[in-house]
Structure formats: structure tokens, C-alpha cells
Amino acid sequence: MKIAFLACPVTLPSSPTRRPDAFEHDLQLAALREGFGPRAEVQDIDWRAPLEELTRFDLAYLGTPWDYTQAKDEFVAKLTALETAGVIVCNPVEVIRWNADKLYLKDLEQRGAPSIPTLWPDNPGRAEVLAAMDTFGCDKVVVKHRVGSGAVGQHCFGRHDLPAGDWQLGQAGMIQPFLPAIQSEGELSFIFIGGALSHTLIKRPSAGDYRIQSLYGGREEALTPAPADRAAAEAVMALLPFAQAPLYARIDMVRLTDGTLAVIEAELIEPYLYPEQGPDLGKNFAEAVIKRFAKGDNCGNLHG
């Protein structure tokens, strides 16, 4: 089996412009290679490579194509072309379309997932930030891109630290109340492979920050979740609108002020799966891929 680990210039080792957190690419790729062993060849390659290069592979895994958020339509078109050519894409294009715009969180909320209160302005500015504070009854909010990842382009504003009067996000956004638990407890990540929980970790920001990504100094620690917390994450997985659980998923959750564990992200496109905190990740992933590939399954299909 030949597997393409789809990446982008800022993560590929040969790039002179690698991101500081591109070590995650190296760790995840190494874990998969170890997990597959001689059963598969896993090669990292730019997702923008010519189609004829990518169709040499049996399966395309969305490893670290972290720049897709600046070219979502191009990305979806390339993955669609791969599927049309007979390459198994994991997770498949139907999942990517649903997950690429954070409006999917509204869908999850409507399905019953515990969620963070959110407003969805088309192009938030200072007025929308102030209105959100009034709506949520809080003094601090976070503004995010609807199509984005890794907290890139994210802003945190308080009543005494507002954006300039003419500031605008410049694209469709979302506004949520700032959750103190991000700094006091951290963000819990539940890694699912083949629909089963593989491992759990807690991610905490560096002192004075709220962003938990390693790019901003965040740190991670393996965690054995409380039974109620595990059940909350498994309930979110059960609410995903797919006939079969995606091959891989990372359910990120944060505790609300009332103690409810709420979904902050359901990462189904190119999440880092934290092999350091899950030493069996590569083995679990390989077994799930081989099981589904042998069945000719396209790694989970969207249903209505």
C-alpha cells in the first residue's frame, strides 16, 4: 500500500520556510511509518503536487496541509479529483466540506452537542465585538475566522482593550465569550481512531496567553479522562452526521462556568493527533486504515 501524507511547504522538511511547530509533522509522520511498518509506504508530499503524482498513491491522508484555509476551494477541488481518480481520501471530501467552515459547530449544537455560545457575523468589527459582549454578558470575547486553524488570525478583546474603530476581521467570523477554564484547567483533546478513543490529553497555554497551540508556547500532557468527560466526548462523536465514524477525529472540549464540557472544535481535516501522548497512535491508525481499505471503504460516508 502506498500512502500519501499530504502536507504543505510550511511543514515539509525540505522547505526553507518551515513553521516553528512543523516538528509536529515529523512526529506524526514517524508514528504512522512505525505503525504501518512494512505493510505500507508512507510518503509526505505537498497537496498541491500535480494530480498525476498524487494518483500514484492508494490512499491520501490529510497530514499537515495547514495552508488549506487560504485556498479552501482549491483544496476541496484537489481532493475531489483524487477521489474521482480512485484514490481513497481520508477523511473523505464529504467530511471536509462539512468541517472546513466552523458553521459545523451550529449543526452540532442543533444535534444536541453541548456548545459554546457563538455569534456568526459576516465581517466582525468593533461594533460586533461590543454587541457580543452585551449579548453574552461578559467583558472579554474571542474572535475567530470561520475558515481557519491553529488560532491563526484569532483575536481576544476586552471592554478595556477594544479594537480600533475601523478594525474589521476582513472575512466571515465567529465570536465567543472568553472561557476562563482555558487558562485554569486547559483544553481537553480526545483522539479517536476508527471511531474508538485512542488517547486523551490536556493542553494548556503558556503564562499570560490563552492559546494552547505549540506555536504559541502551549504545552500538552497525557490524561486519563474522568468517566463523565470521556462520555461527553463519545457523545459528540455519536452526533457527527456520518453513517460511519471518520477514520480519525480530535474532539476538543472546554469546561463552561457551570461545569459542562462543551465542544470548542471537532477536528476532522488535518488535526495533529499527538503521538507523544498516545504511543499506540501509529499502530491504531494503521490497523484502522488496513481494516477499512481491505473493505474498499472510503473512510466514512456522509449521510443526510
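The values are calculated or read from the model by the stated rules, or taken from the named source; none is laboratory data. Bear in mind that the values here come from a model prediction, so they are computed numbers and not experimental data. For neighbour counting, all protein chains shown are included, and Cβ atoms are generated from backbone atoms with ideal geometry for every residue, glycine included. Quick note on the areas: whole protein, heavy atoms, side chains included, nothing else; ligands and nucleic acids left out. Shrake-Rupley method; radii C 1.70, N 1.55, O 1.52, S 1.80 Å.
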Going through the stretch 206-222 in order, the residues found to be more than 18 Å from ALA22 (Cα to Cα) and either among the hydroxyl-bearing types (Ser, Thr, Tyr) or in contact with a helix residue (DSSP H, G or I) (Cβ under 7 Å, 6 or more places away or on another chain) (or both) are SER206, ASP209, TYR210
Do we find a residue being of a type outside the set (Lys, Arg), closer than 19 Å to THR260 by Cα and touching a strand residue (DSSP E or B) at 6+ places or on another chain (Cβ under 8 Å) anywhere in the stretch 97-108? yes
Give me a count of the residues in the stretch 179-213 that are modelled with pLDDT of 90 or more, of a type in the set (Phe, Trp, Tyr) and out of contact with any His (no Cβ under 9 Å at 6 or more places or on another chain). 1
Anything in the stretch 164-209 that is part of a loop (DSSP other than H, G, I, E, B), over 26 Å from ALA231 (Cα atoms) and either free of Cβ contacts under 8 Å to residues at least 40 places away in the same chain or open to solvent by 40 Å² or more (accessible area, probe 1.4 Å) (or both)? List them, or say none. ALA164, GLY165, ASP166, TRP167, GLY170, GLN171, SER206, ALA207, GLY208, ASP209
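Each row is one residue, and each column tells you yes or no for (1) surrounded by 14 or more Cβ atoms within 10 Å (Cβ to Cβ); (2) of a type outside the set (A, V, I, L, M, F, W, C); (3) under 16 Å from VAL89 (Cα atoms).
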| site | (1), (2), (3) |
| --- | --- |
| LEU6 | yes, no, yes |
| PRO9 | yes, yes, no |
| SER15 | yes, yes, no |
| ARG19 | yes, yes, no |
| LEU27 | yes, no, no |
| ALA30 | no, no, no |
| PHE36 | yes, no, no |
| ASP44 | yes, yes, yes |
Would you check if there is a residue in the stretch 130-141 being closer than 30 Å to ASN91 by Cα and buried (at least 21 other Cβ atoms within 10 Å of the Cβ)? no
ALA77 - would you say it is more than 19 Å from GLU265 (Cα to Cα), small (Gly, Ala, Ser) and surrounded by fewer than 16 Cβ atoms within 10 Å (Cβ to Cβ)? yes
